[in-house]
Amino acid sequence: MFANGATIVQYMEQLAPKHYAVENDKIGLQLGTLNKTVNKVLVALDVTDEVVEEAIAEGANLIIAHHAIIYRPLAKLDTSTPAGKLYEKLIKNDITVYISHTNLDVADGGVNDWLADQIGIQADGRACLEEIHTDKLYKLVVFVPESHHEAVLEAIWRTGAGEIGNYGNCSFNIKGTGTFKPGEDTQPFIGSEGKLERVDEVRIEIIVPYSIHRKTVSAMLKAHPYEEVAYDLYPVDLRGRSFGLGRAGKLEEPTTLGELALRLKAAFEVPMLRIVGPADHPIRKAAVLGGSGARYVRHAIFAGADVLVTGDIDYHTAHDALAAGMTIIDAGHNIEKVMKEKVAEWLNAKLKDSKSDTVTAASKLATEPFTFV
């Protein structure tokens with residue numbers, strides 16, 4: 001059985017939740033409908049005419065891309081313009097377009113982490129350059145009969161709840177007595193209709209991040225034996241985990257600017273890149289930001305990085321970086337193409353787990369607009 005488009009997007013948003021996106025970023029459904037059966041998904045960096053032709057040839061009726069095709073409200077849809085022709089071709093071929101942009105950049109295991117892995121930035125101690133989102137924290141309180149205490153607690157922990165700093169499986173448990181009287185047409189796990197019951201119960205208290213609270217409550221309810229579960233979920237004045245753009249951290253092995261540039265030229269599969277700074281400059285800590293990173297030079301300096309790896313650095317920013325003693329590797333905007341294979345792998349794993357016949361493929365087309373001569 002093939003998956004519904006809305007289901008596939010739910011999987012995608014487990015990787016890159018929409019609320020991670022930078023304000024006013026154009027993400028989500030941009031063209032078509034998700035309320036349809038999807039035979040094949042094509043993952044692309046950009047949606048160009050050539051990529052649409054590839055989707056048609058591959059039999060894909062959903063494109064998940066990194067860069068938006070609609071940036072501002074449309075006053076009209078003129079199909080004689082390049083953009084209008086592209087929209088027309090997508091509509092006529094029933095191809096839906098869904099965008100995952102800065103939310104995929106920010107996400108754990110997203111674009112910036114994939115680039116950091118290629119650069120050789122250690123996972124331990126890796127930090128973001130600019131905070132975009134801080135997860136709100138909630139406290140889940142639920143009352144469980146002693147016989148099911150451990151089962152419910154384990155179900156809650158498995159969702160990722162109960163983390164405080166570097167400590168996991170945190171909870172507080174108090175034994176007490178619960179009372180209830182089953183009413184008419186009830187099927188109580190304990191007791192009988194019309195009779196007041198007193199049951200030995202455990203009150204579980206546990207911290208739950210907003211990002212997983214629905215999954216946590218669902219798992220708790222599934223594991224709980226009661227027909228009607230008594231629980232509370234309320235916000236707490238504690239700071240949750242922060243998510244943001246870019247990554248910075250120590251390299252697995254110290255190197256020089258020139259050596260790192262040559263290695264990244266091969267890793268990123270680019271014909272050329274630009275460096276700012278002397279080739280023999282020692283590099284022990286690096287920062288990376290997929291896309292245009294001109295305004296993140298100061299963030300990289302503040303993070304203590306010896307180099308910023310990014311794209312689209314302009315002339316004046318390069319001079320400012322030199323004056324500040326900061327080195328840069330401008331590998332181009334197109335290095336974000338790493339997301340094609342990684343997203344395809346993620347979705348294929350999810351679809352396989354759900355026993356769906358829908359498959360995901362990474363676009364094989366290069367959408368680098370520059371030719372190097």
- Within the range 3-32, which residues are exposed (fewer than 15 other Cβ atoms within 10 Å of the Cβ) and either over 15 Å from the mean Cα position of the chain (by Cα) or free of Cβ contacts under 8 Å to residues at least 24 places away in the same chain (or both)? Ala6, Gln10, Glu23, Asn24, Leu29
- Task: Filter the range 134-172 down to the residues that are assigned to a strand (DSSP E or B) and free of Cβ contacts under 8 Å to residues at least 40 places away in the same chain, then identify the one that is surrounded by the fewest Cβ atoms within 10 Å (Cβ to Cβ).
- Result: Tyr167
- Message: Restricting to the range 52-78, name every residue that is more than 23 Å from the chain's Cα centre (by Cα), modelled with pLDDT of 95 or more and farther than 18 Å from Leu347 by Cα.
- Response: Val52, Glu53, Glu54, Ile56, Ala57
- Message: Suppose the filter is crowded, with 21+ Cβ neighbours inside 10 Å and in contact (Cβ under 8 Å) with a residue 12 or more places away in the chain; does Asn35 pass it?
- Response: no
- Task: Answer yes or no: is there a residue in the range 273-295 that is under 20 Å from Gln122 (Cα atoms), in a strand (DSSP E or B) and basic (Lys, Arg).
- Result: yes
- Residue satisfying all of: in the range 313-345; of a type in the set (Val, Ile, Thr) and within 16 Å of the chain's Cα centre (by Cα); surrounded by the most Cβ atoms within 10 Å (Cβ to Cβ) among these: Val343
- Note on the structure: Asn348 vs (1) within 20 Å of the chain's Cα centre (by Cα); (2) open to solvent by less than 10 Å² (accessible area, probe 1.4 Å); (3) not small (Gly, Ala, Ser): all pass except (2)
- Task: For the range 297-312, enumerate the residues that are open to solvent by 10 Å² or more (accessible area, probe 1.4 Å), part of a helix (DSSP H, G or I) and in contact with a strand residue (DSSP E or B) (Cβ under 8 Å, 6 or more places away or on another chain).
- Result: Val297, His299
- Message: Given (1) in contact (Cβ under 8 Å) with a residue 12 or more places away in the chain; (2) open to solvent by 20 Å² or more (accessible area, probe 1.4 Å); (3) not in a loop (DSSP other than H, G, I, E, B), identify the lone condition not met by Leu262.
- Response: (1)
- Keeping to the range 326-354, report how many residues are free of Cβ contacts under 8 Å to residues at least 40 places away in the same chain and either basic (Lys, Arg) or in contact with a Phe, Trp or Tyr (Cβ under 8 Å, 6 or more places away or on another chain) (or both). 1
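Would the range 230-240 turn up any residue that is in a helix (DSSP H, G or I) and surrounded by fewer than 21 Cβ atoms within 10 Å (Cβ to Cβ)? It would help to see each step written out before you state the result.
We begin by selecting, within the range 230-240, every residue in a helix (DSSP H, G or I); these are none.
No, because not a single residue in the range 230-240 is in a helix (DSSP H, G or I) and surrounded by fewer than 21 Cβ atoms within 10 Å (Cβ to Cβ).
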- Pairs with Cβ under 7 Å, 6+ apart, first in the range 226-246 and under 30 Å from Val106 (Cα atoms), second open to solvent by 80 Å² or more (accessible area, probe 1.4 Å): Pro235/Lys136; Gly240/Lys136; Ser242/Glu131; Gly244/Glu131
- Task: Among what's in the range 282-296 and is aliphatic (A, V, I, L, M) and farther than 17 Å from Thr255 by Cβ, pick the residue that is surrounded by the fewest Cβ atoms within 10 Å (Cβ to Cβ).
- Result: Ala294
- Note on the structure: Looking across the range 41-97 at residues that are touching a residue at least 24 places away in the same chain (Cβ under 8 Å) and small (Gly, Ala, Ser), the single one that is surrounded by the fewest Cβ atoms within 10 Å (Cβ to Cβ) is Ala68
- Could you give me the residue pairs with C-beta distances under 7 Å whose first residue belongs to the range 192-219 and is closer than 12 Å to Thr177 by Cβ, whose second residue is among the small types (Gly, Ala, Ser) wherever it lies, and which are 6+ apart or on separate chains? Glu197/Gly191; Val199/Gly178; Glu201/Gly176; Glu201/Gly178; Arg203/Gly176
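Could you say whether any residue in the range 336-354 is closer than 30 Å to Phe2 by Cβ and assigned to a loop (DSSP other than H, G, I, E, B)? Quick ask: steps written out before the conclusion?
Initial filter on the range 336-354 (closer than 30 Å to Phe2 by Cβ): 336-354.
After this cut, where a residue has to be assigned to a loop (DSSP other than H, G, I, E, B) as well, the list is 354.
The answer is yes; a qualifying residue exists.
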- Only residues that are touching a Leu at 6+ places or on another chain (Cβ under 8 Å), buried (at least 19 other Cβ atoms within 10 Å of the Cβ) and not β-branched (Val, Ile, Thr): list them for the range 116-133, please. Cys128, Leu129
- Of residues in the range 173-217 being of a type in the set (S, T, N, Q), open to solvent by 70 Å² or more (accessible area, probe 1.4 Å) and under 26 Å from Tyr234 (Cβ atoms), the one modelled with the highest pLDDT: Thr177
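The values are calculated or read from the model by the stated rules, or taken from the named source; none is laboratory data. Keep in mind it's a predicted model, so treat the numbers as computed, not measured. Neighbour counts are summed over all protein chains in view; Cβ atoms, including those assigned to glycine, are modelled from backbone coordinates with ideal geometry. The area values use the complete protein model at the heavy-atom level, side chains included, leaving out ligands, DNA and RNA. Shrake-Rupley method; radii C 1.70, N 1.55, O 1.52, S 1.80 Å.
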